[in-house]
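Participant: Can you keep this structure in mind? I'll have questions shortly.
Here, each number is a calculation from the coordinates, and none is a lab measurement. None of the values given here were measured: they were computed from a predicted structure. Please note: Cβ atoms are built from the backbone with ideal geometry, for glycine as well, and neighbour counts cover all protein chains shown.
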Amino acid sequence: SHIRGLAQRAEGIMADFTLRVNGETRTVSVEPDTPLLYVLRNDLELNGPKFGCGLAQCGACTVLVEGKPVRSCVTLVSAAAKGRITTVEGLGTVERLHPLQRAFIEEQACQCGFCGSGMVMSAKALLDRNPKPTDRDIKQALNGHLCRCASHNRIVRAVRRAAQELRADQPGREGARA
């Protein structure tokens, strides 16, 4: 009985999930308790979100679900399948960077780049709900993201810079921007 239970667990029960990721609809066949991060990286080949700690403590895996930052290492694919998922790959292109991506590059905010994707995604959620954040707002939104390169001041400058650019692009508009 115990061995049969292990075999069932090892084989797993697969289910099909239709995900809306970066504006595209994709179907994956995975176990319902698979972390969203594994699906994004392994099945959809979106490598922006990183595996850092696996415990939702470092922020490297942060993506947006319905515009809210979530730690994809502890979010089950079955739970995330209900919402629109955005990864850093969905913000801009190499030819047309999102203002946050451009600001992170211009401010040299990411030295090793490991935390960058999660930082950008949490900053995106912040700027969508607050187009004119204070430094305190930025720091609070990024609290819980770990950067071992000690680039925190540059990251705050990058978010501030992106906020200014986004406001300049949309004069008089205080709403969210994709």
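Participant: Please figure out what share of the DSSP beta bridges in the chain is antiparallel and state it in percent, rounded to the nearest 5.
Facilitator: The antiparallel proportion sits near 90 percent.
Participant: What FRET efficiency, computed as 1/(1 + (r/R0)^6) with R0 = 30 Å and r the Cβ-Cβ distance, is obtained for Ala56 and Ser78, rounded to the nearest 0.05?
Facilitator: 0.95
Participant: Projecting each Cα onto the charge dipole of the range 5-101 (Lys/Arg +1, Asp/Glu -1 at the beta carbon, about the Cα centre), which of Ala81, Val63, Gly12 comes out farthest on the positive side?
Facilitator: Going by the charge dipole, the pick is Val63.
Participant: Also: Based on Cβ point charges of +1 for Lys and Arg and -1 for Asp and Glu, what charge dipole magnitude is obtained for the range 42-178 about its Cα centre, in debye rounded to the nearest 20?
Facilitator: With Lys and Arg at +1 and Asp and Glu at -1, about 400 debye.
Participant: Next up: Estimate the FRET efficiency between Thr134 and Gln108 by the formula 1/(1 + (r/R0)^6), using the beta-carbon distance for r and 25 Å for R0, to the nearest 0.05.
Facilitator: E between Thr134 and Gln108, to the nearest 0.05, is 0.65.
Participant: Let me ask something additional. Karplus couplings for the range 149-163 from phi (6.51 cos²θ - 1.76 cosθ + 1.60, θ = phi - 60°), rounded to Hz, Gly and Pro as x?
Facilitator: 8, 6, 9, 3, 5, 5, 5, 4, 4, 5, 5, 4, 4, 5, 4
Participant: Measure of size requested: the Rg and Dmax of the range 1-149, with Cα atoms as the atom set and Å as the unit; please supply both.
Facilitator: 16.8, 60
Participant: Which one of Ser122, Thr27, Leu100 is farthest out on the positive end of the charge dipole of the range 1-131, using unit charges on Cβ (Lys, Arg +1; Asp, Glu -1) and the Cα centre as origin?
Facilitator: Positive-most Cα among the choices belongs to Ser122.
Participant: Let me ask another. Explain nothing, just compute: Karplus ³J(HN,Hα) = 6.51 cos²θ - 1.76 cosθ + 1.60, θ = phi - 60°, for every residue of the range 97-102 in order, whole Hz, x for Gly and Pro.
Facilitator: 5, 5, x, 5, 4, 4
Participant: State the volume of the convex hull built on the alpha-carbon positions of the range 39-116, expressed per residue in Å³ and rounded to an integer.
Facilitator: Output value, Cα hull per residue: 101 Å³.
Participant: A further question follows. Using helices alone, what [θ] at 222 nm do you get for the chain, with -39,500 (n - 2.57) per DSSP H run of 4 or more residues, divided over all residues and rounded to the nearest 500?
Facilitator: -10500 deg cm²/dmol
Participant: Working only with C-alpha atoms, what are the Rg and Dmax values of the range 84-128, expressed in angstrom?
Facilitator: Computed over the Cα atoms of the range 84-128, radius of gyration and Dmax are 10.1, 30 Å.
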